[in-house]
Amino acid sequence: MLCVNVELKERRYPIYIGAGLLTNTDCYPLKQGNKVMIVSNPTVAHYYLATVTETLEKIGCIVEYVLLPDGEQYKTLDSLNLIFTALLKANHGRDTTIVALGGGVIGDVAGFAAASYQRGVRFIQIPTTLLAQVDSSVGGKTAVNHELGKNMIGAFYQPTAVIIDTLTLNTLPKREVNAGLAEVIKYGAILDLPFFDWLEQHIDELVALDQTALKQCIARCCQLKADIVARDETEKGDRALLNLGHTFGHAIETHLGYGNWLHGEAVAAGCMMAAVLSEKLGDLTPADVARLEKLLARANLPTVSPDGMTAQDYLPLMMRDKKVLNGKLRFVLLKALGQAYVATEIDQDLVVDAIHCCSQFD
Ligand SMILES: NC(=O)c1ccc[n+]([C@@H]2O[C@H](COP(=O)([O-])OP(=O)(O)OC[C@H]3O[C@@H](n4cnc5c(N)ncnc54)[C@H](O)[C@@H]3O)[C@@H](O)[C@H]2O)c1
Ligand SMILES: [Zn+2]
């Protein structure tokens, strides 16, 4: 088992990473008599609810669960309320623990429930998608969607532990695994050239869910995210670098409608656009851009815009993005592979050019 710590002084917490951790009682910061509410969905519960329940009962916890309907469209205040109702009906007090068992949707909703139930209760993350394991379960962002905007209602609230069992990825649809790899490749591109090199050596093993490679890879991503979160918990500075490819990606997701391309797929194409834009600014070399493209393609990810989507489709959507400051587009771009920065005053023609270069028509 590997362990990465998120260093936030008195709110410091461990991330445990390994095969078979769901059944490892040592990973759970709980003791006999603790009340626990597991939050999951039917898809994930079918595979893992019984195992987690048994482990918690072995510790001596009193375990209950609540299942939310599966899907981003249920990341809502209504789902949040289902959790509160379950907690209140079973008389859970301030000493309860909420355990999120699922992907990023479950983690985000359960985390916000933990942040707000009786002004905050203990929270444990058990992420079961690759995206949640390398990204959403670490760093304390929690939220639900509003019909007028994604993640518009939420809080920063750190868990007391994150338990990553790499074996859970064996039941995850391959397309979801690959989408998680987009965020993995993103970490290498923005922060860590040696890790990018390592990914080039090991991407086939990761796609094939080799447990040794997965464990190493997830630990590296968690370490990179933990370092950034420790420096900038509430995204006033460096944490924004994690948004490489996301301004373009969000435009793709909105244009196609949520659920057509997975988030990671949109981020992959978005990273290519950011890389091409960085090349046009004279920072990345064509060889660097080609390396990124090849790595994404080996993870079965898109490297060009969705069919028929033009620069004119992107611009208005990107102007609506949170990353717009005083009407100027802000982008996370690359000075080099492994070195990202936030660019503020980017010429719109260059952006259009970069989108063209990543279109299927060229
Ligand atoms: N809090 C953050 O910092 C942060 C960061 C990135 C993304 N997010 C959020 O994360 C969400 C996306 O998360 P996601 O990609 O994990 O999607 P998801 O939670 O919807 O999971 C994807 C699908 O896989 C299923 N699933 C999960 N684990 C499984 C397993 N082990 N075996 C079989 N099926 C499994 C789920 O039920 C779901 O159908 C978005 O809402 C996004 O806003 C949050
Ligand atoms: Zn993302």
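Here are some residues: I153, I126. Which one is more than 8 Å from ligand 1 (Cβ to nearest atom), of a type outside the set (K, R) and touching a His at 6+ places or on another chain (Cβ under 9 Å)? Only one candidate qualifies: I153. Looking across segment 235-260, the residues that are away from ligand 1 (no atom under 12 Å from the Cβ) and assigned to a loop (DSSP other than H, G, I, E, B) come down to K236, G237, L244, G245, G257, N260.
If you go through segment 117-160 and keep only what is more than 16 Å from ligand 2 (Cβ to nearest atom), of a type in the set (A, V, I, L, M, F, W, C) and touching a residue at least 60 places away in the same chain (Cβ under 8 Å), you end up with I124, I126, V144, I153, F156. Please identify the pairs in which a residue from segment 161-177 that is over 23 Å from R122 (Cα atoms) has its Cβ atom under 6 Å from the Cβ atom of a residue that is assigned to a helix (DSSP H, G or I) and of a type in the set (D, E, K, R), counting only partners at least 6 apart or on another chain. That search, which allows pairs on different chains as well, returns T166/K215. The residues on offer are K9, K75, K58, and the sole one that is more than 27 Å from H263 (Cβ to Cβ), of a type in the set (K, R) and at pLDDT 95 or above is K58.
May I ask you to verify whether P69 is touching a strand residue (DSSP E or B) at 6+ places or on another chain (Cβ under 6 Å) and not acidic (D, E)? It is false that P69 is touching a strand residue (DSSP E or B) at 6+ places or on another chain (Cβ under 6 Å) and not acidic (D, E).
Being within 22 Å of L191 (Cβ to Cβ), in a loop (DSSP other than H, G, I, E, B) and either without any contact (Cβ under 8 Å) to a residue 60 or more places away in the chain or touching an Asp or Glu at 6+ places or on another chain (Cβ under 9 Å) (or both) is the filter here; which residues of segment 341-356 pass it? Hit for segment 341-356 is T344, nothing else.
The values are calculated or read from the model by the stated rules, or taken from the named source; none is laboratory data. Just so you know, these numbers come straight off a predicted model, no measurement behind them. Positions of Cβ are backbone-derived with ideal geometry, glycine not excepted, and every protein chain shown enters the neighbour counts.
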